[in-house]
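The values are calculated or read from the model by the stated rules, or taken from the named source; none is laboratory data. Just so it is clear, the model here is predicted, and its values are computed rather than measured. In this analysis, Cβ positions are derived from the backbone assuming ideal geometry, glycine residues included, and neighbour counts consider all displayed protein chains.
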């Protein structure tokens, strides 16, 4: 039931072809087109871009917060709870926004490598990989995603990080538009192909920008 619900959401947000490719993945054929993107920290971040609505607060999440995230009902089918806990235990950091004690949005940061099966280069000491940004459905429409991104930029600047990477699925036009507003630069368009896990795995660079 969870997989069917996830497939329905995928069809509504990304269209038929993306849903078809996801269905092929279940059969052992994984074709994943994506944009590899670079985000450079702006010299100054206007205060208006990080102004949260009244009652909302940004913070670096602790293990208790991550435990809550790992069991969110609306996230079932996206990622396994154990994988979320493993991220934290392996050193990844979770930035988030709360309204009172309730988690309303979060995003993850890796300081060691690109946490994606499709492309996994090491990253430098001044870099970070940003991934898995999510705003809970009940709190969408409040401009929380860009605020969380810029708040994350500020926190990472204090850690000596000024260059960030992210991956956007080719069919996820909403995520692509969101990153365009942040002045994110596309490094390349790639396609990762895996056939029945053992037969073939490889990354094809379709276009460099």
Looking at (1) outside any loop (DSSP other than H, G, I, E, B); (2) more than 22 Å from residue 56 (Cβ to Cβ), find the lone condition where residue 120 falls short. (1)
Check the range 75-94 and report whether any residue there is out of contact with any helix residue (DSSP H, G or I) (no Cβ under 8 Å at 6 or more places or on another chain), in a strand (DSSP E or B), touching a residue at least 24 places away in the same chain (Cβ under 8 Å) and closer than 21 Å to residue 58 by Cα. yes
Being surrounded by 12 or more Cβ atoms within 10 Å (Cβ to Cβ) and over 17 Å from residue 53 (Cα atoms) is the filter here, so list the residues in the range 121-143 that pass it. 123, 126, 127, 128, 129, 130, 131, 132, 133, 134
Kindly provide the set of residues from the range 95-111 that are without any contact (Cβ under 8 Å) to a residue 24 or more places away in the chain and touching a strand residue (DSSP E or B) at 6+ places or on another chain (Cβ under 7 Å), ordered by number. 110
When (1) without any contact (Cβ under 8 Å) to a residue 60 or more places away in the chain; (2) in contact with a helix residue (DSSP H, G or I) (Cβ under 9 Å, 6 or more places away or on another chain); (3) surrounded by fewer than 19 Cβ atoms within 10 Å (Cβ to Cβ) are applied to residue 149, the one that fails is (3)
Taking the condition surrounded by 14 or more Cβ atoms within 10 Å (Cβ to Cβ) and modelled with pLDDT of 80 or more, does residue 21 pass? no
Would you confirm, using the coordinates I've provided, whether residue 53 is over 25 Å from residue 165 (Cβ atoms) and in a loop (DSSP other than H, G, I, E, B)? yes
Would you call residue 145 closer than 22 Å to residue 38 by Cβ and in contact with a strand residue (DSSP E or B) (Cβ under 6 Å, 6 or more places away or on another chain)? yes
Scan the range 179-187 and give yes if some residue there is in contact with a strand residue (DSSP E or B) (Cβ under 6 Å, 6 or more places away or on another chain), more than 30 Å from residue 44 (Cβ to Cβ), touching a residue at least 12 places away in the same chain (Cβ under 8 Å) and not in a helix (DSSP H, G or I), otherwise no. no
Look at the range 45-74 and say how many of its residues are surrounded by fewer than 14 Cβ atoms within 10 Å (Cβ to Cβ), within 10 Å of residue 96 (Cα to Cα) and in contact (Cβ under 8 Å) with a residue 60 or more places away in the chain. 1
